[in-house]
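The structure under discussion appears below in the form of structure tokens.
The values are calculated or read from the model by the stated rules, or taken from the named source; none is laboratory data. This one's a predicted model, so the numbers in the text were calculated from it and none came from an experiment. Glycine gets a Cβ as well: all are built from the backbone with ideal geometry, and neighbour counts include every protein chain shown.
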Amino acid sequence: MLRSFPTRWIAALAALVTVAGCAAGMAAVDAGHPAGRPHPSYYCYDCHGYRYFDPYYDWCAGYGFRYRWSAYPEVNDLYRARYLRIRESHPEYGRYRYRAGYREARRYREPASYEAWKFREEGRDGKRASLREKNAPARVVTGDP
């Protein structure tokens, strides 16, 4: 049975959409942005999840990375939109406080590069190392808080 003209166009269009979707998916993986991040720039999520998703937490005391909230106003908007749900489901979040004078410390003023660190941590096979917060219990991902 011969296919009609519109059927070929529909099949071609479906194939094009599939290829485009695969290409977009591969680009997201190549960019190194895990799907769970609330925003692609918020690399802190890789280790801490939503625990420090708050503009107060602008520095990772463990590794020395500094997240510049002011550079990403859209992340501030996400924070405002999700704040109540995060605090209701995890009241323990937000209790950690930095030591007094931490912003005067050299590690804060000259933060480490997350991207350079991530590049060093990747294995030779190109797979990303599994990141987890130091001394943290295993995290259960339940989706958007």
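Observations on the structure shown:
- Residue tally, condition assigned to a helix (DSSP H, G or I) and not small (Gly, Ala, Ser), over region 81-107: 12
- Options 35, 61, 81, 71; residue that is surrounded by 12 or more Cβ atoms within 10 Å (Cβ to Cβ) and either out of contact with any Pro (no Cβ under 9 Å at 6 or more places or on another chain) or at pLDDT below 90 (or both): 61
- Residue check, residue 22 touching a Lys or Arg at 6+ places or on another chain (Cβ under 8 Å), in a helix (DSSP H, G or I), modelled with pLDDT under 90 and of a type outside the set (D, E, K, R): no
- Residue within region 61-79 that is charged (D, E, K, R) and under 21 Å from residue 111 (Cα atoms) present: yes
- Some residue of region 59-76 being farther than 17 Å from residue 45 by Cβ and polar (S, T, N, Q): yes
- The residue pairs whose first member lies in region 42-58 and is within 15 Å of residue 73 (Cα to Cα), whose second member is of a type in the set (D, E, K, R) and in a helix (DSSP H, G or I), and whose beta carbons are closer than 8 Å, counting only pairs six or more residues apart or on different chains, are 53/82.
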